[in-house]
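Working notes for the structure below.
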Amino acid sequence: VQVNNRIWLIQLKCLKDLVSMTSTYESCVEAVSPSGSLEDAYEMLQCIATTSDENHKMTSIGVNQFFLIYAASLVFLMQAGFAMLCAGSVRIKNVQNTMLKNLLDACGASLGFYTIGYAFAYGGDNFGGPTTFIGTSNFFLMDVQNYAFWLFQFAFAATAATIVAGTLAER
């Protein structure tokens, strides 16, 4: 039990050092202070493995969040393309109206998806099952953990609304 408690304390120290951006080896040498015994070598390897796993997890999460935000920005920029397409297909006197309609579609989609859209789509796990037909939680983004995922889904919802608005130009 004594060895397990010491390993747990060393792992905690290594994770704390991970935040301060010291190297894995340096933080583990400080935590273990190896004396050359077999037990210290085992603890050193355990500390290095734990810290490396945490570094990999944090890097993976960061890269995933970055690509979600990048993809969301690309999808949201599709709205500008649809606005230009819509502006090119209407008469000159209606271009301002079409552009305003596209802008208001993006604004309305953001408010609608923020208030109830995300909750209806992804808030349906309150009743014990994997999902329900319609969401019952996460209204106004309450208890949402991944805002990058929300941004990605919002971009698609707003772009879908703009596509529909473009089909109704001058109709």
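The values are calculated or read from the model by the stated rules, or taken from the named source; none is laboratory data. These figures come from a predicted structure and were not determined experimentally. Don't worry about glycine lacking a Cβ; one is built from the backbone with ideal geometry, like all the others, and counts go over all protein chains shown. What goes into the accessible areas is simple: the full protein's heavy atoms, side chains included, and nothing from ligands, DNA or RNA. Shrake-Rupley method; radii C 1.70, N 1.55, O 1.52, S 1.80 Å.
Points to keep in mind about this one:
- Residue in the stretch 121-130 that is out of contact with any helix residue (DSSP H, G or I) (no Cβ under 7 Å at 6 or more places or on another chain), open to solvent by 40 Å² or more (accessible area, probe 1.4 Å) and on the phi > 0 side of the Ramachandran plot present: yes
- Qualifying positions in the stretch 82-96 - surrounded by fewer than 12 Cβ atoms within 10 Å (Cβ to Cβ) and either in a helix (DSSP H, G or I) or aromatic (Phe, Trp, Tyr) (or both): Gly88, Ile92, Lys93, Gln96
- Selection from the stretch 75-92 of residues that are farther than 9 Å from Gly166 by Cα, under 29 Å from the mean Cα position of the chain (by Cα) and touching a residue at least 40 places away in the same chain (Cβ under 8 Å): Val75, Phe76, Met78, Gln79
- Residue in the stretch 53-68 that is surrounded by the most Cβ atoms within 10 Å (Cβ to Cβ), counting only those that are of a type in the set (S, T, N, Q) and modelled with pLDDT of 80 or more: Gln65
- Entry remark, the stretch 135-153: residues being closer than 12 Å to Ala119 by Cα, open to solvent by less than 20 Å² (accessible area, probe 1.4 Å) and assigned to a helix (DSSP H, G or I) number 0 in total.
- Of the residues examined, Val3 is one that is farther than 22 Å from Met58 by Cα and either modelled with pLDDT under 60 or in contact with a Leu (Cβ under 9 Å, 6 or more places away or on another chain) (or both).
- For Phe113, the criteria (1) open to solvent by 90 Å² or more (accessible area, probe 1.4 Å); (2) modelled with pLDDT of 95 or more; (3) not hydroxyl-bearing (Ser, Thr, Tyr) hold in every case but one, which is (1).
- Applying the criterion of being at pLDDT 90 or above and on the phi > 0 side of the Ramachandran plot to the residues of the stretch 133-163, the residue that is nearest to the chain's Cα centre (by Cα) is Leu141.
- Hits in the stretch 29-52 (condition: open to solvent by less than 70 Å² (accessible area, probe 1.4 Å) and among the charged types (D, E, K, R)): Asp40, Glu43
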